[in-house]
Amino acid sequence: MISLAKLHENFSTNDNIRELLTSHSIPINKIESIDNKFVYLLEKFLNEKKLTRDELLTLTQMPLSGVSFLMCVANNIRENLKGNLISFSKNVFIPLTQLCRDQCSYCTFKIEPGEGALLIEPEDVLESAKKAAELGCTELLFVSGDKPERDYEVYRDKLKSMGHKSTADYMISMSELCLEENIFPHSNLGIANQDELLRFKNSNPSMGLMLESISERLMDEGMAHYRCPDKYPKARIKTICNAGELQIPWTSGILIGIGENWEERVDSILELNRINTEYGHIQEIIIQNFNPKPGIKMEGQPVPTDLDMIKTVALSRMIMSNNVNIQVPPNLNSKSYMLHVFSGVNDLGGVSPITIDYVNPESPWPQIDLMQDTILEFGFNLRERLPVYPEYLSQNYIEKHIYEKALNFVDDTGFVRED
Ligand code: SF4
């Protein structure tokens, strides 16, 4: 029988954790002052490893005064799974095209024809790949708007002149080109069908598509996903399941603070866990907080608080199976990412030494050295991974020629060789 009181005592008497919580105004209270229903549920989870949806929803009501108890439970899972290891990847970000047929209210990525290049030309993609590889990056993160060829004739014509019918065709061709360099493509195309994914698999060891939210309500007029055909949750779930059938190691995740409520947040995580239970291919989920920027439709929307993020991260760690890594983007949480590590996070995502985050251009990446120093101060070991996690580095998931190439980059732990 695991005691919550004992676990919390070990957690909160660690000097580093105590100082961290205090500096973020997170109180460390005695168990007697916490509502019995929360104590009961956390002890139940500690001993049975499972809670019902209703019980998880009750835990979303945890106030600030008791959140260190939720953290210690999620941190315990992370610790048992990963010990003192935190991972990240070194990447270059290639926004292959910033045209998009969707109109998300939080977007800062999309441009219209005439506001910039229709796409990044192949020679520029290749130059970036070579430069990134020289600087030691191992991940080439391809990102694009969703299906712009459906809305923009000028873009369709441009693709046609290059011998491509779609953004997917172009991204696949660029992935194949760049795989020849010392770097691995990780494509985030958007909605994709099985045939496209199968072609991607030949050059991508892993890929990604955020679920963002399971809420269809967000597609209503005035909501974040109004007029966004590619944000229809069932279409996104279908893509993630298609990838599952092909056993493509997959990065997914949710957005926090785009108008969803707690019930929808928990249901989104439960859905990702359901898909992973069926296919086993979800290598990580990203918990990404909405970050308002001047000029966007959601400019005035409040940002998620540390408490919102801690609870979402901790519940994600409690819900998701052990094979799933949990990530928060450190550039969107530069002052709080250690709080999230102690709430269950074990990965700090793709950090770019050479490109800005085009999706969140105002949020610079923390320098890798700085991040390493912080992590070390807390007694962790920061290891670089490929876009594909060590657990998925096998021919069961990735094509033989990519697998053989990957082996040249990693040591026997599956992380990038430190020499
Ligand atoms: S799908 Fe992406 S690029 Fe398109 S509008 Fe939404 S956030 Fe912007």
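The values are calculated or read from the model by the stated rules, or taken from the named source; none is laboratory data. Since the model is a prediction, treat every value here as computed from it, not as a measurement. Here Cβ is always computed from backbone atoms with ideal geometry, including for glycine, and neighbour counts include all displayed protein chains.
Couple of notes before you dig in:
- Residues that are under 25 Å from the mean Cα position of the chain (by Cα) and of a type in the set (Val, Ile, Thr) within the range 122-168 comprise Val125, Thr138, Val143, Thr167, listed in sequence order.
- Subset of the range 146-156 that is at negative phi and in contact (Cβ under 8 Å) with a residue 12 or more places away in the chain - its residue that is nearest to the ligand (Cβ to nearest atom): Asp146
- Sole residue being modelled with pLDDT under 95 and among the β-branched types (Val, Ile, Thr), chosen from Val73, Val92, Val125: Val92
- Residue tally, condition outside any loop (DSSP other than H, G, I, E, B), more than 27 Å from the chain's Cα centre (by Cα) and within 17 Å of Leu64 (Cα to Cα), over the range 5-29: 5
- All positions within the range 30-49 that are under 30 Å from the mean Cα position of the chain (by Cα) and of a type in the set (Lys, Arg): Lys44, Lys49
- Conditions (1) crowded, with 20+ Cβ neighbours inside 10 Å; (2) farther than 30 Å from Ile17 by Cβ: number failed by Asp124: (1)
- When Ile285, Ile275 are checked against the criterion of being assigned by TED's automatic domain parsing to the domain that holds Leu218, β-branched (Val, Ile, Thr) and in contact with a Cys (Cβ under 7 Å, 6 or more places away or on another chain), a single residue qualifies: Ile275.
- Filter result (under 18 Å from Thr239 (Cβ atoms) and in a helix (DSSP H, G or I)) within the range 171-196: Met171, Ile172, Ser175, Gln194, Asp195, Glu196
- All conditions in (1) within 12 Å of the ligand (Cβ to nearest atom); (2) touching a residue at least 60 places away in the same chain (Cβ under 8 Å) hold for Arg236, with the sole exception of (2).
- For Lys335: the one exception among (1) under 16 Å from the mean Cα position of the chain (by Cα); (2) surrounded by fewer than 18 Cβ atoms within 10 Å (Cβ to Cβ); (3) closer than 30 Å to Leu57 by Cβ; (4) at pLDDT below 95: (1)
- So Ala224, is it in the same structural domain as Cys104 (by TED's automatic domain parsing), farther than 21 Å from Arg150 by Cβ and more than 14 Å from the chain's Cα centre (by Cα): no
- Residue, farthest from the ligand (Cβ to nearest atom), within the range 117-145, restricted to residues that are over 20 Å from Lys297 (Cβ atoms) and among the small types (Gly, Ala, Ser): Gly136
- Qualifying residue in the range 271-283 (condition: touching a residue at least 60 places away in the same chain (Cβ under 8 Å), farther than 23 Å from Leu51 by Cα and over 15 Å from the mean Cα position of the chain (by Cα)): no
- Residue tally, condition closer than 17 Å to Ile2 by Cα and not basic (Lys, Arg), over the range 33-67: 12
- Positions within the range 376-419 being within 19 Å of the chain's Cα centre (by Cα) and part of a helix (DSSP H, G or I), in sequence order: Pro390, Glu391, Tyr392
- Looking across the range 79-104 at every residue that is more than 16 Å from the ligand (Cβ to nearest atom) and without any contact (Cβ under 8 Å) to a residue 60 or more places away in the chain, the one that is nearest to Leu177 (Cα to Cα) is identified as Gly83.
- Every listed requirement among (1) free of Cβ contacts under 8 Å to residues at least 24 places away in the same chain; (2) more than 16 Å from the ligand (Cβ to nearest atom) is met by Ile111 save one, (2).
- Among residues of the range 47-81, those that are surrounded by 18 or more Cβ atoms within 10 Å (Cβ to Cβ) and either farther than 30 Å from Gly414 by Cα or assigned by TED's automatic domain parsing to the domain that holds Asp267 (or both), counted: 9
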